[in-house]
Amino acid sequence: MRLDKLLSERGVASRSELRHIIRAGRVSVNGVPETAPERRVDPGTDSVSLDGKEILRSRFRYFMMDKPAGVLSVTEDRKQQTVLDLLPPELRRLGLFPVGRLDKDTSGLLLLTNDGDFAHRVISPKSGVEKRYRAEVDGVPDEGDVRAFAGGILLADGTRCLPAALEIGGGNVCHVTVMEGKYHQVKRMLASRGKPVLTLRRLSVGELELGEDLGPGGFRELGAEDLCKVLKAWPIGK
Ligand code: URA
C-alpha cells in the first residue's frame, strides 16, 4: 500500500496534506526518513512514524538481552529457566525466540525476535555477521593461537572452521571473533589449542555492542539504527 494512502486511512491527514508532510521529511519508515508519498509499505512488517510518534508498529519485534550464565537460550523448558522466562508476560506473548544459541554457561549479548528471516540472516555465515566473544581460558593464549585461528581451526571431530580472529587480551584472556555458530564453536576452537574455556561472554553481534548497562538478565527493544548495526542489509528486501 502507498505510504500516503496508509496514513490517510489511519486518519492522520488528507491525502493532499500528507503529500506535503511526507515531502517535508516528517515521516519515517522503519526508522529511516521517507520523502516519497508513493513509497510502498507493508502494514504487516513495516513501522511508520510521524514527527517521531509511532503510527504503525510492525508485527516484528527485536530485542537484545544480557543473557546471564545459568539460563537456557531456548523458548521453553520444563525444569530449567529460559531467556523467555526473564521477559514480562506481554513480551512473552509476541512469539519471540533467540537468534542462535548461547550455551547455558555462556553470558552476554543474545538477540530475540519473532522475525525468522532476520534471525536466519544473522546466523548464516553467508551474511558475514561477526560475533565477538571474551574468553577466559585455562592457559595463556599466544601468537601460535592467533595464527591457527586465522588459518581456520580443525576441530577434534575433523570439522574445519572458517578463518577467525583471536586477539590476545593479557594473562588468560582472549577475544575471539567468528562468523559462524557451530555447536560449542568457540569452546571447541580453544580446546583444540589446548586452552579450554573457563568463562565465555558474547560482547557484540555485527557492530551492535552489549555494553555493561543492561546488567544480567536486562534487555531492551532494538530500533532501526541498532538493526542496521547487526545486519548492514537491513531492512530486508526493502
Ligand atoms: N561458542 C561456544 O562455544 N559457546 C557459545 O555459547 C557460543 C559460542
Quiz item: For the stretch 3-54, with only Lys/Arg (+1) and Asp/Glu (-1) charged at the beta-carbon, what is the dipole magnitude about the Cα centre, in debye rounded to 20?
Solution: 160 debye
Practice problem: Work out from phi, with θ = phi - 60° and the Karplus expression 6.51 cos²θ - 1.76 cosθ + 1.60, the ³J(HN,Hα) of each residue of the stretch 180-192, listed in order in whole Hz, and give x for Gly and Pro. | Solution: 10, x, 5, 3, 6, 4, 5, 4, 5, 5, 6, 4, 5
Self-check item: Difference of contour (0.36 nm per residue) and Cα-Cα distance, residue 54 to residue 209
Solution: 53.2 nm
Self-check item: Packing-based order for 143-149, 61-67, 96-102, using average beta carbon neighbours within 10 Å, highest first
Solution: 61-67, 96-102, 143-149
Quiz item: Which of 41, 3, 31 sits closest to the plus end of the dipole of the stretch 3-54, meaning its Cα is farthest towards the positive end, when Lys and Arg get +1 and Asp and Glu get -1 on the C-beta?
Solution: 3
Quiz item: Between their Cα atoms, which of 126/182; 53/232; 126/229; 131/187; 104/131 are more than 19 Å away from each other?
Solution: 53/232
Quiz item: Rg and Dmax of the stretch 130-205, Cα atoms, in Å?
Solution: 10.8, 30
Exercise. From the P(r) of the chain, can you give the percent of Cα pairs sitting at distances over 31 Å?
Key: 35 percent
Quiz item: Using +1 on the beta carbon of Lys and Arg, -1 on that of Asp and Glu, and nothing else charged, what's the dipole of the chain about the Cα centre, debye to 20?
Solution: 680 debye
Self-check item: Between the stretch 177-238 and the stretch 17-50, the alpha-carbon center distance in angstrom
Solution: 32 Å
Self-check item: Linear extension gain, residue 199 paired with residue 14, 0.36 nm per residue minus alpha-carbon span
Solution: 60.8 nm
Exercise. Would you kindly work out the equivalent ellipsoid of the stretch 3-54 from its C-alpha gyration tensor and give its semi-axes, the square roots of five times the eigenvalues, largest first in whole Å?
Key: 14, 12, 10
Practice problem: Report the charge-dipole magnitude of the stretch 130-205 in Debye, nearest 20, computed about the Cα centre from +1 at each Lys and Arg Cβ and -1 at each Asp and Glu Cβ. | Solution: 260 debye
Practice problem: Ratio to report: Rg/Rh of the stretch 164-209, with Cα atoms as the point set and Rh obtained by the Kirkwood method; give two decimals. | Solution: 0.94
Quiz prompt | Computed E for residue 32/residue 104 - FRET, C-beta separation, R0 30 angstrom, nearest 0.05 | solution = 0.20
Quiz item: Any idea what % of Cα-Cα pairs in the stretch 99-138 are farther than 14 Å?
Solution: 53 percent
Quiz prompt | residue 173-residue 156 pseudo-label distance in nm [points 7 Å out on the Cα-to-Cβ vector] | solution = 2.8 nm
Quiz item: Along the charge dipole of the chain, Cβ charges K/R +1 and D/E -1, which of 194, 12, 100 sits furthest on the positive end?
Solution: 12
Quiz item: Pulled fully out, how much extra length does the chain show between residue 23 and residue 147, if you take 0.36 nm times their separation in residues and subtract their Cα-Cα distance?
Solution: 39.3 nm
Self-check item: 1.4 Å probe accessible area per residue over the chain, in Å²
Solution: 51 Å²
Self-check item: the chain - percent of accessible surface contributed by carbon and sulfur, probe 1.4 Å
Solution: 49 percent
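The values are calculated or read from the model by the stated rules, or taken from the named source; none is laboratory data. Source: prediction; values computed, not measured. Don't worry about glycine lacking a Cβ; one is built from the backbone with ideal geometry, like all the others, and counts go over all protein chains shown. What goes into the accessible areas is simple: the full protein's heavy atoms, side chains included, and nothing from ligands, DNA or RNA. Shrake-Rupley method; radii C 1.70, N 1.55, O 1.52, S 1.80 Å.
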